[in-house]
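Only one structure is covered here, and it is reproduced in the block below.
The values are calculated or read from the model by the stated rules, or taken from the named source; none is laboratory data. Owing to the predicted nature of the structure, the values given are computational and were not obtained by experimental measurement. Heads up, the Cβs are rebuilt from the backbone with ideal geometry, glycines too, and the neighbour counts pull from every protein chain shown. Heads up: the accessible areas ignore ligands, DNA and RNA and are worked out on the full protein's heavy atoms, side chains in. Shrake-Rupley method; radii C 1.70, N 1.55, O 1.52, S 1.80 Å.
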Amino acid sequence: MGSDKITGSIRSNIKIGSDVEIVQKHHQRSGELTEGTVKRILTNSSKHPHGIKVQLETGEVGRVKWVLT
């Protein structure tokens, strides 16, 4: 994995199987990031200011902060 990061607020940047860093709802205050692989994309709109909501392979749900490339 490289160190390049793409913003997670634009849906077209995120694909099923993408490696991402998300913020889970209970980590919003601390901003703690969880790394994982996208299983499902839950946000239908093309953009979201706080990040596109996804479900990871592990079942965790959160908003994408960064897409790892």
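A few notes on this one:
- Where labels lie 7 Å past Cα in the beta-carbon direction, separation of residue 12 and residue 55 in nm: 2.7 nm
- Solvent-accessible area per residue for segment 14-64 (1.4 angstrom probe, square angstrom): 62 Å²
- Estimated dipole of the chain in Debye, rounded to 20 [Cβ of Lys and Arg +1, of Asp and Glu -1, Cα centre]: 380 debye
- For the chain, leaving out every one of the trypsin sites (Lys or Arg not before Pro) that falls in a DSSP loop and has at most 16 other Cβ atoms within 10 Å, the longest unbroken run is 30-69.
- Here the chain has 48 percent of its accessible surface on carbon and sulfur atoms, given a 1.4 Å probe and all protein chains in place.
- Considering only 42, 30, 59, the residue lying farthest towards the positive end of the dipole of the chain is 42, judged by Cα position with unit charges set on Cβ.
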